[in-house]
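Take a look at the structure set out below.
The values are calculated or read from the model by the stated rules, or taken from the named source; none is laboratory data. The shown structure was predicted, so the numbers you read here are calculated from the model rather than taken from an experiment. Glycine also receives a Cβ, built like all others from the backbone with ideal geometry; neighbour counts cover every protein chain displayed. Surface accessibility is based on the protein's heavy atoms, side chains included, excluding ligands, DNA and RNA. Shrake-Rupley method; radii C 1.70, N 1.55, O 1.52, S 1.80 Å.
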Amino acid sequence: MTPVDILAIAAHRDDVELTCGGTLIKAVSLGRRTAVIDLTAGETGTRGSARLRGEEADRAGAILGLAARENLGLTDAGITNTPETRARLAVAIRRLRPQVVIAPALRGRHPDHRAAAELIRDACFVAGLAKVEPSVPAHRPRKVLHCVTYREDFEKPTFVVDVSAEFERKMDAVRCYASQFDGLTQAGEVYPNGEPLYDIIRHQAAHYGSLVRTRYGEPFFTFETMRVDDVAALEVSTF
Ligand SMILES: [Zn+2]
């Protein structure tokens, strides 16, 4: 398979649409190849069924312009970071050979989200260890980003991607999950505030956009400090 530039990995179908869907759409418009791995199939979800969520994920993936979308089939509501799950995810990462991996936030209400964030970081490292699953050539992604959308209890984002031009298509992708979201006021990491869920998503994106003086944004965290070469070209005005 042709390597992808960016691979977003998350616990559940619909997670990437909520947290980094605009960023993935924008990457495709910039000529990047993107893919998604959903770690679980959603078999314990309260609403809908695993089969229906699969159909919804396929439709949303087409809107995101993904080159591939895979499901790892880990236990829903029971994701663990073990040598076995790391090796299984590492093999999937090696097949797609991404340069950048997007993972969930390291904090979250749903235990799967926290476990997935740790599992994904570790699997990216393990993917570079040639003697683990030696039948598939080793490949370690260059960089791991963590989505921090909706996480007001986390550190400040390292950077925000301007998704103003992509935001309505992101919402189209989110709305593919009608079985999960229609009529709701809360989901996953999205705390309820009385508004319909789709309005909360819009207002959160507008908040992150305002941090970088644009209409809509998606925030990310990296442990690494970002390097700058030309301070005269720095974006986001002070005043
Ligand atoms: Zn989730």
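Summing Lys and Arg as +1 and Asp and Glu as -1 over all other residues whose Cβ lies under 14 Å from the Cβ of VAL132 gives a net charge of +2.
Once backbone amide H atoms are built at 1.01 Å from N, TYR216 has VAL163, SER164 as its partners under 5 Å, excluding neighbours fewer than 5 places away on the same chain. Annotation: lysines with alpha-carbon distance below 27 angstrom to LYS156 (same-chain offsets under eight excluded): LYS26, LYS143, LYS170. Taking amide H as placed 1.01 Å from N in the peptide plane, the amide H of LEU184 sits under 5 Å from that of LEU197, each at least 5 places away or on another chain. Solvent-accessible area assigned to carbon and sulfur over the chain amounts to 53 percent, based on a 1.4 Å probe. Taking Cα centroids, how far is region 47-87 from region 145-174 in Å? That distance is 20 Å.
In region 118-165, which trypsin sites (Lys or Arg not before Pro) fall in coil by DSSP and have 12 or fewer other Cβ atoms within 10 Å?
On the way: sites: ARG121, LYS131, ARG142, LYS143, ARG151; in loops: LYS131, ARG142, ARG151.
Within region 118-165, the qualifying trypsin sites (Lys or Arg not before Pro) (loop, at most 12 other Cβ atoms within 10 Å) are LYS131, ARG142.
Considering only ILE37, ILE200, ILE102, the Gaussian network model of the chain with Cα springs below 10 Å gives its largest mean-square fluctuation to ILE200.
With the cut-off at 1.5 for a/c, could you classify the chain from its C-alpha gyration tensor as rounded, prolate or oblate?
Working: a/c = 1.59, a/b = 1.11, b/c = 1.43.
It comes out oblate by the Cα gyration axes.
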